[in-house]
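Report on the structure given below.
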């Protein structure tokens, strides 16, 4: 049978096909955007201080002034802690805790919330060291640790990370939710020093890992592994946020299955025409 | 409505563009092949697709088309050969290894498809065939089957002889029970006993499940110690075995620790260290006999479905289960405060010996992990 010449032809693209093509175009655009402008992974340089715990009396007095200005309203005039549970006493938290909170911009807190968010750092590196010195002078606590990722073992670090950190921070260090609006943040934006400080001091919800539990070498290995996590090899071409198999499956489903469905529709449209 | 019908004329089906049954069911016979005039109503019929083709094919053009298809097949084969070769030759860790493999396979398959379509479109006859469907339901056949069946019933005297009928039915009931009884074999032989106990034995030392070192209270040089706000996953000493490699003279040259998965499966436990003042003194769930200087041990298996409850918020003293968001409050005997879990995490009775090692006093006093059918 032959089609008569000049027979009625329907428009090639029905509304369904063009809207499906639009969705596909959006997904492709989003994927390209992520490829061109990947987010995260910008590690801040560690403070280059040879012995950060060797504080001078000047630093302590300077820190005391800054503390009275910026911290005492919540943490108390002598760091004894505020009335709210969110303003814990700072006696005995050590320079490491102060350094972590200040260099990540979490402190000073803008407003009470479930958890202190990472913000632009409010103090200069010298001011932060002065505040560290003052907090350290309040009572003995964890000192600012030294960390050397290059000396760590990445395989051991991966094992330790999965055993101790991945529970909350996700196996690729991307973070996860906790209870009541709290969350475990992504570890990849933190500097090596900040990671070590967090391990030793247990900021906010995070448990504290003593040197008798995770040794200095263990922390170096974990840091080395986190360095790897900042730019992991993505065998699929794109990490999709390293959130695991669920988003990967979703992309396969949306791009793969939907793409095939659109092609089938297109073939059907052609056959009808 | 009838006015409108009259003005347009024809059947409803024709006006909706649905081809009438007779037209769709026309089987192509010899005289139908070749130019046939068709009405415009056929344009919407998916069965009537197909390209316009020269009824008398040009042999030279056919030769050209054949070469095109052959080229496509050759390229497809070349891509497949490239796939196999690249798989063996290239380095697995190359940046684009997966992509190149996938792409070459995709090219190979895609070219086969294109070649097949080209073949069909250019070299094959454009012929339509319609296969008629049988009627789906035949009333007469049904009646005949019914008659045959009833004749059989009458012949068997099933209705006439009640003794026969009743004994037959009575014999079938136990037979139906037989497969139900067999289901019992799918369950463990003694489920209650197997689930009631874990591998913790009195006197077992608590070992760090990751570093395979004993937990210590006093001396950090002898084992792992915790700070306040710390926690660690522990296993009974017996869970850890050492796979030893010896040289020819029998000296141990390597010793690799292994965890017995059978032991780990039910005995995995968390040792947490809290400020002793943080425990809620009014709660009756914590067994304070087994809290040693703020150290307390709970089963790591969620009482909902047995996931590892390993997210610990040291400020709020909550243990979170990652699977269904159950939360257990450690300061109140690890009772569930949120989520689907209904029972508290079982507390492991622990003590510290004179050397400072943490030891198990006795097994959990209740089954760990999720509930089961004989759990009371």
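Looking at the square roots a ≥ b ≥ c of the eigenvalues of the Cα gyration tensor of the range B:186-282, which shape do they give, rounded for a/c under 1.5, prolate if a/b is larger than b/c, or oblate? It is oblate, given that a/c is not under 1.5 and a/b is not larger than b/c. Convex hull volume per residue, computed on the Cα atoms of the range B:246-324, equals 173 Å³.
Taking other Cβ atoms within 10 Å as a rough exposure proxy, A:248, A:69 sort from fewest to most as A:69, A:248. Computed over the alpha-carbon atoms, the range B:198-357 gives an Rg to Rh ratio of 1.02, Rh here being the Kirkwood radius from the mean inverse distance. For the range B:121-164, the Kirkwood hydrodynamic radius comes to 15.2 Å, computed from all pairs of different C-alpha atoms. So, R0 is 60 Å and r is the distance between the beta-carbons of residue A:32 and residue B:157; what FRET efficiency does that work out to, to 0.05? Efficiency at R0 = 60 Å is approximately 0.15. Note on chain A: Kirkwood radius taken over Cα pairs, Stokes-Einstein applied at 37 °C and 0.692 mPa s, translational D equal to 149 µm² s⁻¹.
The base-10 log of I(q)/I(0) for the range B:169-232, evaluated at q = 0.21, 0.22 Å⁻¹, reads -0.92, -0.96 [Debye formula, identical scatterers on Cα atoms, solvent excluded]. Here the ratio of the Cα radius of gyration of the range B:129-210 to 2.2 N^0.38 Å is 2.57.
Volume of the convex hull of the range B:92-175 (Cα atoms only), normalised per residue: 266 Å³.
Using the Cβ-Cβ distance between residue A:265 and residue B:84 with R0 set to 35 Å, the FRET efficiency works out to roughly 0.55. For a Förster distance of 35 Å, can you work out the FRET efficiency between the beta-carbons of residue B:94 and residue A:118, rounded to the nearest 0.05? Using R0 = 35 Å, I get an efficiency of 0.45.
When the alpha carbon gyration tensor of the range A:154-207 is reduced to an equivalent ellipsoid, its three semi-axes come out at 17, 13, 10 angstrom, largest first. Dividing the helix sum by the residues of chain A, where each DSSP H run of 4 or more adds -39500 (n - 2.57), gives a mean residue ellipticity at 222 nm of -13500 deg cm²/dmol.
Principal-axis analysis of the Cα atoms of chain A puts helix A:94-103 at an angle of about 40° to the longest axis.
Sorting A:75, B:324 from the fewest to the most surrounding beta carbons within 10 angstrom yields B:324, A:75. If you wrap the Cα atoms of the range A:137-262 in a convex hull and average its projected area over all directions, you get 10.1 nm². With neighbour counts taken as other beta-carbon atoms within 10 Å, the residues B:74, A:201 rank, fewest first, as B:74, A:201. The alpha carbons of the range B:271-376 stretch over 40, 32, 24 Å along the principal axes, in descending order. For the range A:78-189, the spread of Cα positions along the three principal axes, ordered from largest to smallest, is 43, 36, 25 Å. Each principal axis of the Cα cloud of the range B:121-272 was taken in turn, and the coordinate range along them, longest first, works out to 93, 74, 48 Å. Here the Gaussian network model covers chain A, with springs between Cα atoms less than 10 Å apart; of A:99, A:148, A:192, A:148 fluctuates the most.
Seen from all directions on average, the range B:69-134 presents a Cα convex hull projection of 7.0 nm².
Computed from the coordinates by the stated procedures, all read-outs in this text should not be read as laboratory data. None of the values given here were measured: they were computed from a predicted structure. All Cβ positions, glycine included, derive from the backbone under ideal geometry; neighbour counts span all protein chains shown.
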